[in-house]
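Contents: one structure, followed by commentary.
The values are calculated or read from the model by the stated rules, or taken from the named source; none is laboratory data. This structure is a prediction, so every number in the text was calculated from the model and none was measured. Neighbour counts run over all protein chains shown; Cβ positions are idealised from the backbone, glycine included.
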Amino acid sequence: MTQYLIMCRSLTYAQSSARLLERSGITVNVVKAPQTLSSGGCTYALALQKKFDLAVNTLKKNKMISGKMFERSDSGEYIEVKP
Amino acid sequence: MIYLDNAATSMLKPHSVAKAVADAINNMASPGRGGHIPAMRAAETVYNCRAEAAELFNVNSAEQIVFTVNATHGLNIAISSMVKRGDKVVISGFEHNSVTRPLAAAGANIVVAGRCLFDNATLLDDFAKKIKGSKLVVCTHVSNVFGYILPVNEISKLCREESVPLIIDASQSAGLLPINFDSLCADFVAMPGHKGLLGPQGTGILICREVPAPLMHGGSGSDSISQKMPEYLPDRLEAGTLNTAGIAGLLEGIRYVRKRGIENIIDHERKLMKLMVSQLSASNYKLFVGRETMQSGVLSLLPENRDCEALAQRLAAKGICVRSGLHCAPTAHISAGTIESGTVRFSFSPFISPAQIMEVCRVLKHLDIKN
């Protein structure tokens with residue numbers, strides 16, 4: 001199943017974003033981001049499988065997009081997506 | 001035992017606080033470090049506490065809630081970030097050493113405004129005169145010695161008119177009086193977790209409108225490649241491992257306060273205050289009492305012809321816990337004319353009953369007669 005990652009600048013930011021999306025009916029998990037995707041070192045990300053576009057739009061509407069977004073391919077590789 | 005030293009620390013807590021602390025010690029790791037279950041459980045608890053605090057104080061974002069080890073820590077962050085040597089800083093005449101010592105250490109030119117106890121009009125006039133040309137105002141919401149509730153909203157208005165930033169010390173008001181961070185318009189509000197918020201010692205909160213310079217530098221679990229602290233809150237101010245167990249307890253304390261209701265808590269304490277004042281009105285004790293709406297659940301008194309500490313010791317021997325002396329607030333005692341004697345302070349809590357106050361008054365009357 002497709003998995004998307006929305007990178008967040010911090011754990012707290014990821015948690016605030018997750019709460020916002022949950023209130024909008026979008027299920028996400030806060031996860032430690034893969035090291036290869038963390039340009040500044042360690043960080044956290046939102047992981048979700050469904051409603052990616054809706055999630056991005058909701059975050060944008062609330063001015064809560066802070067990092068890059070990735071889609072995991074069947075081979076397990078992460079590819080940056082720009083919705 | 002009757003515990004009336006809640007202005008120092010609220011020893012009596014909801015049972016859920018100790019339970020949460022024990023659960024955190026047994027089941028939680030460090031938040032913001034790993035991605036495993038105990039770390040994420042800790043992260044969830046810490047975030048829940050930020051969110052509850054943001055709700056209670058009407059703060060726009062949970063990121064503006066920074067955990068500190070106490071109110072003094074938060075005040076040091078805010079003051080050190082805003083004050084340069086020689087800056088004129090206006091404070092009230094009722095500040096604690098947690099405000100005056102960091103200001104002195106920063107080399108501030110400290111100007112005291114408002115020395116009259118329970119006199120808002122004179123205090124505001126003095127602030128209006130002295131605030132001009134200042135770089136910062138630091139003001140306590142409630143005097144820890146006298147329970148005097150300072151008109152912080154009006155002081156904030158004066159600050160805005162002169163474009164002077166404002167730091168509020170909410171050590172004695174958080175959990176007891178409504179604090180609306182959004183409408184208060186302060187730059188920073190510092191508070192302990194272990195007083196009115198009923199959390200464990202070693203917890204505190206700094207609410208930030210600005211992003212200040214960090215006081216401590218170290219690991220934050222974010223931007224690890226950089227050798228500078230992150231530019232964003234709360235990571236910028238939370239170097240090192242957080243006190244997860246303490247924060248778990250604080251979360252339960254805040255939940256209790258929200259469930260019981262701030263207005264119900266202050267109403268309860270004012271009833272206790274009224275009872276104590278009425279019981280002691282015919283005694284030889286000098287009571288420091290203001291109008292009901294100007295005073296929190298803190299009552300200072302002076303015994304006639306007796307040392308304050310001696311009275312506190314006599315009360316302690318009878319199982320009544322109070323604090324005497326200068327209460328780390330010489331500025332307030334200078335203002336009230338009690339710098340030589342100090343006072344004996346009785347500070348209430350949601351867990352004190354009228355029957356306990358009656359017992360305290362009975363003992364005080366007995367000691368008064370024996371005097």
Item checked: Positions within the stretch B:73-89 being in contact (Cβ under 8 Å) with a residue 60 or more places away in the chain and within 29 Å of B:G337 (Cβ to Cβ), in sequence order -> B:L75, B:I79
Check: B:N144: more than 14 Å from chain A (Cβ to nearest Cβ), over 24 Å from B:A213 (Cβ atoms) and in contact with a Pro (Cβ under 6 Å, 6 or more places away or on another chain), yes or no?
Finding: no
Notebook entry, point to check: Condition test on B:L215, is it under 26 Å from B:R270 (Cβ atoms), in contact (Cβ under 8 Å) with a residue 24 or more places away in the chain, away from chain A (no Cβ under 14 Å) and assigned to a loop (DSSP other than H, G, I, E, B)?
Noted result: no
Check: Scanning for something surrounded by fewer than 20 Cβ atoms within 10 Å (Cβ to Cβ), within 14 Å of chain A (Cβ to nearest Cβ) and of a type in the set (D, E), does the stretch B:14-32 turn up at least one residue?
Finding: no
Item checked: Residues of the stretch B:304-325 that turn out to be at negative phi and either in contact (Cβ under 8 Å) with a residue 40 or more places away in the chain or touching a strand residue (DSSP E or B) at 6+ places or on another chain (Cβ under 6 Å) (or both), as a count -> 14
Margin query: I'm told B:E238 meets every condition in (1) away from every other protein chain (no Cβ under 13 Å); (2) touching a Phe, Trp or Tyr at 6+ places or on another chain (Cβ under 7 Å) except one. Can you identify the failing condition by its number?
Written below: (1)
Next item on the list: For B:A248, work out the one condition from (1) among the small types (G, A, S); (2) surrounded by fewer than 21 Cβ atoms within 10 Å (Cβ to Cβ); (3) assigned to a helix (DSSP H, G or I) it doesn't fulfil.
Entry: (2)
Margin query: If I go through the stretch A:29-40 residue by residue, how many of them are aliphatic (A, V, I, L, M) and assigned to a strand (DSSP E or B)?
Written below: 2
Item checked: In the stretch B:347-371, the residues that are under 27 Å from B:T140 (Cα atoms) and out of contact with any helix residue (DSSP H, G or I) (no Cβ under 7 Å at 6 or more places or on another chain) -> B:S347, B:S349, B:F351
Margin query: Just checking: which of the strands (runs of 3 or more DSSP E) contained wholly in the stretch B:44-145 hold 3 or more residues that are closer than 26 Å to B:T9 by Cβ?
Written below: B:65-68, B:136-140
Notebook entry, point to check: Can you tell me which residue in the stretch A:65-80 is nearest to A:L21 (Cα to Cα), limited to those that are over 11 Å from the mean Cα position of the chain (by Cα) and assigned to a loop (DSSP other than H, G, I, E, B)?
Noted result: A:S73
Check: What residue, of A:S10, A:S38, A:S75, is under 18 Å from B:H36 (Cβ atoms) and either modelled with pLDDT under 90 or surrounded by 20 or more Cβ atoms within 10 Å (Cβ to Cβ) (or both)?
Finding: A:S38
Notebook entry, point to check: From the residues in the stretch B:42-51 that are in contact with a strand residue (DSSP E or B) (Cβ under 9 Å, 6 or more places away or on another chain) and closer than 13 Å to B:G253 by Cα, which one is nearest to the other protein chains (Cβ to nearest Cβ)?
Noted result: B:R50
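Suppose we keep only residues that are in a loop (DSSP other than H, G, I, E, B) and in contact with a helix residue (DSSP H, G or I) (Cβ under 6 Å, 6 or more places away or on another chain) within the stretch A:13-28. Which one would you say is surrounded by the most Cβ atoms within 10 Å (Cβ to Cβ)? Steps first, answer last, please.
Kept after step one, since they are in a loop (DSSP other than H, G, I, E, B), are these residues of the stretch A:13-28: A:24-28.
Among the residues that remain, those that are also in contact with a helix residue (DSSP H, G or I) (Cβ under 6 Å, 6 or more places away or on another chain) are: A:24, A:26, A:28.
Values: A:S24: 15, A:I26: 18, A:V28: 23.
Only one residue tops the list, namely A:V28.
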Checklist line | Neighbours by Cβ (under 6 Å, 6+ apart or cross-chain): first from the stretch B:243-256, touching a residue at least 60 places away in the same chain (Cβ under 8 Å); second part of a helix (DSSP H, G or I) and of a type in the set (S, T, Y) | finding: B:A248/B:T45; B:E252/B:S16
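For the stretch B:62-74, give me the residue count where each residue is under 12 Å from B:I207 (Cβ atoms) and either modelled with pLDDT under 95 or in contact with a strand residue (DSSP E or B) (Cβ under 8 Å, 6 or more places away or on another chain) (or both). Can you show your working first?
Pass one, the stretch B:62-74, residues under 12 Å from B:I207 (Cβ atoms): B:62-68, B:71, B:74.
Now narrow it down to the ones that are either modelled with pLDDT under 95 or in contact with a strand residue (DSSP E or B) (Cβ under 8 Å, 6 or more places away or on another chain) (or both): B:64-68, B:71, B:74.
Looking only at that region, the number is 7.
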Next item on the list: Note down all Cβ pairs under 6 Å where the first residue falls in the stretch A:1-25 and is in contact (Cβ under 8 Å) with a residue 60 or more places away in the chain and within 11 Å of chain B (Cβ to nearest Cβ), the second is in a loop (DSSP other than H, G, I, E, B) and aliphatic (A, V, I, L, M), and they're at least six residues apart or on different chains.
Entry: none
Next item on the list: Out of the residues in the stretch A:41-55 that are within 13 Å of another protein chain (Cβ to nearest Cβ) and in a loop (DSSP other than H, G, I, E, B), state the one that is surrounded by the fewest Cβ atoms within 10 Å (Cβ to Cβ).
Entry: A:G41
Next item on the list: Check B:E263, B:E269 and return the single one that is away from chain A (no Cβ under 14 Å), under 30 Å from B:R345 (Cβ atoms), acidic (D, E) and surrounded by 14 or more Cβ atoms within 10 Å (Cβ to Cβ).
Entry: B:E269
Checklist line | Qualifying residues in the stretch B:156-196 (those that are hydrophobic (A, V, I, L, M, F, W, C) and surrounded by fewer than 19 Cβ atoms within 10 Å (Cβ to Cβ)) - the one farthest from the chain's Cα centre (by Cα) | finding: B:C185
